[in-house]
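Quick note: the coordinates plus some simple rules give every number you see, no bench work behind them. Computed from a predicted structure; not experimentally measured. With ideal geometry, Cβ positions are generated from the backbone for all residues, glycine too; neighbour counts draw on all protein chains shown.
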Amino acid sequence: MFYPWTTVVGFFIGAAIGSFLNVVVYRLPRGMSLIAPPSHCPACGHRLGVLDLVPILSYVASGGKCRHCKGRVSARYVVIELITGSLWAAFWWQNLVEGEDVARFLVLAAFASVLVAASAIDLATYTIPIGLNALLLLFGLGYNAWLIVAGADGAWAHLGSLALPASVAGALVGVAVFWGIAFFGRLAFRKDAMGHGDIMLARGLGAVLFPATALVGFGLAVLVAVVFGVLQVLLRRPPETVEESEGEGEEEPPETVSSLVRSGLGYALAIDVVGIVFPSLDRWWFGQELVEEPLEDDWTPGFTHIPFGPYLAAGAILAALFDRTLLGWVQSYWNWATGGP
Ligand SMILES: [Zn+2]
């Protein structure tokens, strides 16, 4: 539909979105407004002008320094712009150059952008804001509604004689898999096995990708986590044991099984999403409001482990990019194993 060169346009729109995501990643966990005040240099407070805000190019042209005070600008800003730009370019190519599917491009570009922000915030704070998880679910439901209206293939998922909108089926699969890990991990090891943020994230991934691709994404997430885990063990110097034993002493008791069951049901019914608008619903169902307390300004993360959220995001994005190839492999293996066509 589009010429291949337009992918460059997709890249720069994505990079500009990435530049906004940098604002989201910094301000959302701190409970600050995403719009005001306008961006300023964190070192000298100088308000950034148009020349400072061209994604990637501003950073390269200024050598990673503030033009006014020469203070260093964190490389994180340009990394997030590059990643977001690359993902937009990839989905642009897949759906607008090779394919002709504007709706799928829009939902996947929005999906990838939220996942970049969620991953960066999870890496920094070990939590995923519930607003971002709610957005993913709403993107999936909205896209699915469009498919149903357009009468497109794949809008419905069939479970025997039961037909569910594919996004609802995917969301339920996401909750079931990750709540299941949390539940059986809790029973078997008497420890919290999976964060609630990860269950909500998996629900959003299922809603956007639909059941089959989401399951591929969950599998890829585990693979990516194993590869990175092995690399980390190989590359990292041994942790200081004193610090670890101190941390263990402060560990909170694990969640009760009944609270876990109630939470899982709440996520399946998306009570947390409605609770963003009606906090009393959260208090009634979960016994507390789920919206995170804003971070203290002097808060710093301790990088002792990588949370699972970024792995889930990476697995989901890989699945969205390569699902046809991957599902094709699964299908041919299945056919070969069962002697079918
Ligand atoms: Zn400055």
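Quick notes on this structure:
- Here each label is just a point 7 Å from Cα along the line to Cβ, and for V257 and L235 those points are 4.1 nm apart.
- A Förster radius of 30 Å combined with the Cβ-Cβ distance from E289 to F228 puts the calculated FRET efficiency at roughly 0.35.
- Long-range HN-HN contacts of W156 with modeled amide H, under 5 Å: A166
- Its Cα centre serving as origin, the stretch 67-139 has a Cβ charge dipole (Lys and Arg +1, Asp and Glu -1) of approximately 540 debye.
- Counting 0.36 nm for each residue step from V9 to L51 and taking away their Cα separation leaves a gain of 13.2 nm.
- Dipole orientation for the stretch 1-100: of the candidates P42, V24, L87, P42 has the Cα lying most toward the positive pole (charges on Cβ; Lys, Arg +1; Asp, Glu -1).
- Between L327 and S33, the FRET efficiency from the beta-carbon distance, with R0 = 45 Å, is close to 0.60.
- Around the Cα centre of the chain, unit charges on the Cβ atoms of Lys, Arg, Asp and Glu (plus for the first two, minus for the last two) sum to a dipole of about 820 debye.
- Summing Cβ point charges (Lys, Arg +1; Asp, Glu -1) relative to the Cα centre of the stretch 1-100 gives a dipole of roughly 700 debye.
- For the chain, hydrophobic long helices are taken as DSSP H runs at least 20 Å long by C-alpha position along their axis with mean Kyte-Doolittle hydropathy of -1.0 or more; these are 7-27, 75-92, 102-125, 130-150, 166-189, 196-235, 309-338.
- Cα extents of the chain along the three principal axes, largest first (Å): 67, 59, 47
- Förster radius 30 Å - calculated FRET efficiency between L269 and F184, Cβ distance, rounded to 0.05: 0.90
- Cut-off of 10 Å, at most 14 other beta carbons, DSSP loop: longest stretch of the chain lacking such trypsin sites (Lys or Arg not before Pro): 71-189
- Two-decimal log10 I(q)/I(0) for the stretch 125-204, as the Debye equation yields it once each C-alpha is a single scatterer, q = 0.12, 0.25 Å⁻¹: -0.43, -1.09
- Value of relative contact order over the stretch 1-100, rounded to a whole percent, pairs C-alpha under 8 Å and six or more apart: 48 percent
- Per-residue Cβ neighbour rank within 10 angstrom, fewest leading, I181, I148, I80: I148, I181, I80
- The tail of the calculated P(r) for the stretch 1-100 beyond 23 Å holds 33 percent of all Cα-Cα pairs.
- Span from the the stretch 188-232 Cα centroid across to the the stretch 1-18 one, whole angstrom: 29 Å
- Between H40 and R67, the modelled label-to-label distance comes to 1.8 nm, taking each label 7 Å out from Cα in the direction of the beta carbon.
- Listed residues A314, V177, V261: farthest to the positive end of the dipole of the chain (Cβ charges): A314
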